[in-house]
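Colleague: Before anything else, here's the structure in question.
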Amino acid sequence: MLNYFELFGLKTDFSIDLAQLSNAFQQLQKTAHPDKFAHASSQEQLLAVQKSATINDAYQTLKNPLKRAEYILKLRGTVMPSEQASFQDNAFLMQQMELREMIAEVQAANDIDAALLEVRTVLDSEYQQLFTQLQQLLNDDTEQSNQQASDILRKLKFYQKLQLEVDRLEEQLFDD
Amino acid sequence: MALLQIAEPGQSTVPHEHRLAAGIDLGTTNSLIATVKSGLAQTLTDEQGRDILPSVVSYQESSILVGDNAKGYAVSDPQNTIVSAKRLLGRSLSDIKQKYPNLPYQFVGDENHPSIQTRRGVVNPVQVSAEILKALVERAEKSLGGELTGVVITVPAYFDDAQRQSTKDAAKLAGVEVLRLLNEPTAAAVAYGLDSGNDGVIAVYDLGGGTFDISILRLNKGVFEVLATGGDSALGGDDFDLLLVDYLIEQTALTRPLTNNVERQLLKQACFIKEQLTSHEQVSVTIDLPDNKQTQITVNKSTFDGLIKSLVAKTLRACRRSLKDANISIEEVNEVVMVGGSTRVPLVRSEVEKFFNRKPLTSIDPDKVVAIGAAIQADILAGNKPDSDILLLDVIPLSLGIETMGGLVEKIIPRNTTIPVAKAQEFTTFKDGQTAMMIHVLQGERELVDDCRSLARFELRGIPPMVAGAAHIRVTFKVDADGLLQVSAMEKSTKVEASIEVKPSFGLAEDEITQMLKDSMANAKEDMQARMLKEQQVEAKRVLESVQSALATDGDLLSAQEQEAITKALTTMVQVAQQGTVAEIEAAIAEVDKLTARFAELRMDSSIRDALTGHNVEEI
């Protein structure tokens, strides 16, 4: 069984060429997509749906940097820390709470646009910092660096959640 | 370098027969059918030369009228004349009543399965849609002089699972084979993509009679990859009409409730005003008042623009969200395509142009572009273009999830995931000895169950009794290339496949469709049998063709013994297909399938590997 990187003819590495990934993805779908089997037997149609779904899943996994990192760590056999671990990191928890407060206050701000922009700027810069660390740690690829990477990854997921919350808030504020 | 193709021994050298296929735009207000004739996609007309079939069905004493013939009855016989049935598909009664409080129909049936009482009995929206499909297919078969192999039917990209399923059910009732349900904006992109031949990012803004879609696609060497889609499946030009009706009522000092005939008359006038205002600054209409009086009202363009402004703004918000989902900035959009009759409204055009900062493409008739794109895809899917480079990679428009504790929704497949897709999630029991589990499937973006759309409820039975938390129930969501969902479940440790009872929240259950099909046939039993027999014969033919060509190209993957066994099973199947019963043919096909299962998988894996090696060589 090929891993997702091999499936797309890529080196198993965190830094990938997204254009190459996208090209390989389309090339593979040209052979496996159910539309190519619309006139084939039911058996082949079923098989095409399966293969095509796997290729889609592989593509989504590699396209998204956090999912890609998680997948690499899984391939390297790194055990992901449980959700519980997050509650032991007090400094990080505090920071998250502050950010949440900042998001909650946007609604009451005089200038909502400016408040949203500020929240986004803070979130983006902290995300970027962590992300750079993640890249470095994954490139080092030692048992210790992988363990650290998985810890950073868990933090990045928190930031991703916050970003989604800001998106949702923005939609609410500007809808109806 | 071109290589001569040499036919392997045993491989058919006969060129592929041309199969008749068509694309159908099943619209809220209007429907069309198109096909590819001598390489050119074109819409098919009726005997009067009209290509647009109004999506109106009228149930009269002696006959069921469809299209222009039915439209005449919309005002005089509103209760028996169904217009815009698409807006009712896969909807609950309270949904409908809340959104369209002034419909003239007499609704019957329960909350989640509303039907309409007509003089010819009770009909549901699926049956109404089936009548429109039948009329279109009949037109095509007459015009093309043969039976259609299959059709591609377009649906709004933002249609949810219940609405898609209802559309497919309508086709089943109409007796047509659906090659694919295709999203309307994607179909439009195909029609334009072939025209311009330009690679890049396309935004398709599709405002029809009853639905709004926005799709962001990337076109690359024939592959149309949908990056994100969004919209509103209950927002369209009809809503512009309804706002105008309210305005007319206000201006004429009429008060609701009004009779159905007055409502329909006002609606007709509103539609006329809207159309006139696309090319005039103002328009005057004469309204017949209930007391045999008349009054004249003038509406100018700025008044109309003021009425619809907030609706247009709503569509632009959806555009913004989709661009964000696609991770594409406005500057990166290379083309904007306008689809749907409602994009003729000048305010819509100017606002879209302002938003994207680019003049939208309108060169293909916005009423026909979807049907034309669907026809191109139907031609490919029917197998008429084996060397075609075109591939459409679409997404699901709304997240799919299940209900968890506390009335919350856990998303299993997020919106804008490329289809087909399969995702599994594990759950466990929370009581000792629990043997059954209820799974509630939902679609939507919100966190609370009540804010999402209920698709179905599944009851898993036969979970082996264990202590709480010990059972691992793996629930798999599969979305096929039509965007339709299938759910299955299995207890992992014991591999017990839990039995599932599906109760769709909206639309029709499988057995209801079968019953309706039977009811619609004069000699129900014989006709059903004949139909099933034909379906199995067609399947046998497909199996024969694909296995034969597989043996011819990749036979060397098999041992001589395996080849012999397969050939023997094929011969039996061909014989059985000629004289056997439905069950016998099914069994013969199953035998071939069993013998070729590994072979089919080997072939597909090797072609996937080859695809990339070929690609890499080309790149280097």
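Colleague: Would you work out the charge dipole size for the range A:90-175 about its Cα centre, treating the Cβ of every Lys and Arg as +1 and the Cβ of every Asp and Glu as -1, and quote it to the nearest 20 debye? If you can, show how the numbers build up before the last one.
Modeller: Details: 7 positive and 17 negative charges, 63 e Å.
With only Lys, Arg, Asp and Glu charged at Cβ, the dipole is about 300 debye.
Colleague: Work through the residues other than A:Ala114 whose Cβ is under 15 Å from its Cβ and net out their charges, Lys, Arg +1 and Asp, Glu -1.
Modeller: -4
Colleague: Considering Cα pairs under 8 angstrom that are at least six residues apart, work out the relative contact order of chain B and quote it in whole percent. Before the final figure, lay out each step's value.
Modeller: Working: 1145 pairs, mean separation 81.3, N = 620.
Once divided by the residue count of chain B, the mean separation gives 13 percent.
Colleague: Using Cβ contacts closer than 10 Å as the measure, can you line up B:Glu281, B:Glu447 from fewest to most?
Modeller: B:Glu281, B:Glu447
Colleague: Order the peptides B:386-393, B:153-160, B:596-603 from the highest to the lowest mean number of other Cβ atoms within 10 Å of their residues.
Modeller: Result, highest mean Cβ count within 10 Å first: B:153-160, B:596-603, B:386-393.
Colleague: With labels modelled as points extended 7 Å from the Cα through the Cβ direction, what inter-label distance (nm, one decimal) is found for B:Thr581 paired with A:Ser42?
Modeller: 1.8 nm
Colleague: How many percent of the alpha carbon pairs in the range A:4-63 exceed a separation of 13 Å?
Modeller: Tail fraction, whole percent: 59.
Colleague: Shifting gears a bit: Given the convex hull of the Cα atoms of the range A:90-175, what is a quarter of its surface area in nm²?
Modeller: Working: hull surface 23.3 nm².
Average of the hull's projected areas for the range A:90-175 equals 5.8 nm².
Colleague: Then there is this: Per residue of A:19-27, count partner chain C-beta atoms within 10 Å of its C-beta, then hand back the mean as an integer. Numbers along the way, then the final one.
Modeller: Working: counts 1, 3, 0, 4, 6, 5, 4, 11, 10.
What the average comes to for A:19-27 is 5.
Colleague: Please list, short to long, the whole-number percent of alpha-carbon pairs of the range B:180-311 in consecutive 10 angstrom bins beginning at zero.
Modeller: Reading the bins upward from 0: 11, 33, 23, 18, 11, 3, 0.
Colleague: Then there's this: Sort B:Leu266, B:Leu612 so the one with the fewest other Cβ atoms within 10 Å of its own Cβ comes first. The partial results should precede the final answer.
Modeller: Working: B:Leu266 26, B:Leu612 19.
Result, fewest neighbours first: B:Leu612, B:Leu266.
Colleague: Taking N as the number of residues in the protein assembly as shown, what value does Rg over Cα atoms divided by 2.2 N^0.38 Å take? Write out the running numbers ahead of the final one.
Modeller: Numbers: Rg = 28.2 Å, N = 796, 2.2 N^0.38 = 27.8 Å.
Computed over Cα atoms of the protein assembly as shown, the ratio equals 1.01.
Colleague: Another question about this same structure. If the reach is capped at under 19 angstrom between alpha carbons, list the aspartates and glutamates near B:Lys293, excluding any in the same chain fewer than eight residues apart.
Modeller: List returned: B:Glu250, B:Glu263.
Colleague: Further question: Within the range B:91-162, report the GluC sites (Glu not before Pro) that DSSP leaves as loop and that have at most 15 other Cβ atoms within 10 Å.
Modeller: Working: sites: B:Glu111, B:Glu131, B:Glu138, B:Glu141, B:Glu147; in loops: B:Glu111, B:Glu147.
Sites meeting the loop and neighbour criteria: B:Glu111, B:Glu147.
Colleague: Where in the range B:41-65 does the label zone of B:Ser76 land, with the point 7 angstrom along Cα→C-beta and an amide N cut-off under 13 Å?
Modeller: In the range B:41-65, the label zone of B:Ser76 (backbone N under 13 Å from the point 7 Å along Cα→Cβ) covers B:60-61.
Colleague: To the nearest 0.05, what FRET efficiency results for B:Gln42 and A:Asn64 with a Förster distance of 41 Å applied to their C-beta separation? Don't skip to the end; give the middle numbers.
Modeller: Values: r = 42 Å, r/R0 = 1.03.
Taking R0 as 41 Å, the efficiency between B:Gln42 and A:Asn64 is 0.45.
Colleague: Relative to the longest principal axis of the C-alpha atoms of chain B, give the angle of the C-alpha long axis of helix B:510-520, reported between 0 and 90° and rounded to the nearest 10°.
Modeller: The helix B:510-520 is inclined about 70 degrees to chain B.
Colleague: Another question, then. Other chains' Cβ within 10 Å of B:601-613 residues: what's the mean?
Modeller: Numbers: counts 5, 0, 2, 9, 4, 1, 6, 11, 6, 1, 9, 10, 1.
The shielding value for this peptide is 5.
Colleague: Give B:Lys71/B:Lys411; B:Lys99/B:Lys301; B:Lys268/B:Lys478; B:Lys221/B:Lys568 a once-over and call out the pairs whose C-alpha atoms are over 32 Å from each other.
Modeller: Working: B:Lys71/B:Lys411 43 Å; B:Lys99/B:Lys301 26 Å; B:Lys268/B:Lys478 44 Å; B:Lys221/B:Lys568 42 Å.
Checking Cα-Cα distances, B:Lys71/B:Lys411; B:Lys268/B:Lys478; B:Lys221/B:Lys568 exceed 32 Å.
Colleague: I need the semi-axes of the equivalent ellipsoid of the range B:332-383: take the C-alpha gyration tensor, multiply each eigenvalue by 5, square-root it, list largest first in whole angstrom. Numbers along the way, then the final one.
Modeller: Values: eigenvalues 137, 36, 8 Å².
In descending order the semi-axes read 26, 13, 6 Å.
Colleague: Quick check: the distance between the Cα centres of the range B:153-197 and the range A:111-139, to the nearest angstrom?
Modeller: The distance from the Cα centre of the range B:153-197 to that of the range A:111-139 comes to 40 Å.
Colleague: Tell me whether the range B:56-174 comes out rounded, prolate or oblate; compute the Cα gyration tensor, take square roots of the eigenvalues as a ≥ b ≥ c, and use a/c under 1.5 as the rounded threshold.
Modeller: Values: a/c = 2.10, a/b = 1.24, b/c = 1.69.
Oblate shape, in that a/c is at least 1.5 and b/c is the bigger or equal ratio.
Colleague: Ranked highest first by average number of other Cβ atoms within 10 Å, how do A:122-133, B:506-517 line up? Don't skip to the end; give the middle numbers.
Modeller: Numbers: A:122-133: 14.1, B:506-517: 16.6.
Going from most to least packed, we get B:506-517, A:122-133.
Colleague: What is the distance in Å between the Cα centroid of the range B:459-487 and that of the range B:255-327?
Modeller: Here the two parts' Cα centres lie 48 Å apart.
Colleague: Another question, then. For the range B:30-71, what percent of Cα pairs sit more than 16 Å apart?
Modeller: Values: 394 of 861 pairs.
Summing the P(r) tail past 16 Å for the range B:30-71 gives 46 percent.
Colleague: Starting from the alpha-carbon convex hull of the range A:29-143, give the projected area averaged over all orientations, in nm². Show your work: numbers first, answer last.
Modeller: Working: hull surface 48.3 nm².
Orientation-averaged projected area of the Cα hull: 12.1 nm².
Colleague: Something else: Could you compute the net charge surrounding A:Ser145? Neighbours are other residues with a C-beta less than 13 Å from the C-beta of A:Ser145; K and R count +1, D and E count -1.
Modeller: Working: positive: A:Arg76; negative: A:Asp140, A:Asp141, A:Glu143, A:Asp151.
Computed value for this residue: -3.
Colleague: For chain B, would you read off the P(r) tail past 47 Å as a percentage of all alpha carbon pairs?
Modeller: Working: 36931 of 191890 pairs.
Across chain B, Cα pairs with separations above 47 Å total 19 percent.
Colleague: What is the sum of charges, Lys and Arg at +1 and Asp and Glu at -1, for the other residues whose Cβ falls under 13 Å from the Cβ of B:Ile249? Intermediate values should be presented prior to the final figure.
Modeller: On the way: positive: B:Arg256; negative: B:Asp241, B:Asp246, B:Glu250, B:Glu263.
Computed value for this residue: -3.
Every read-out reported here was derived from the displayed coordinates using simple, explicitly stated rules and does not represent laboratory data. Remember, predicted model here, so these are calculated numbers, not experimental data. Cβ: placed from backbone, ideal geometry, glycine included. Neighbour counts: every protein chain shown.
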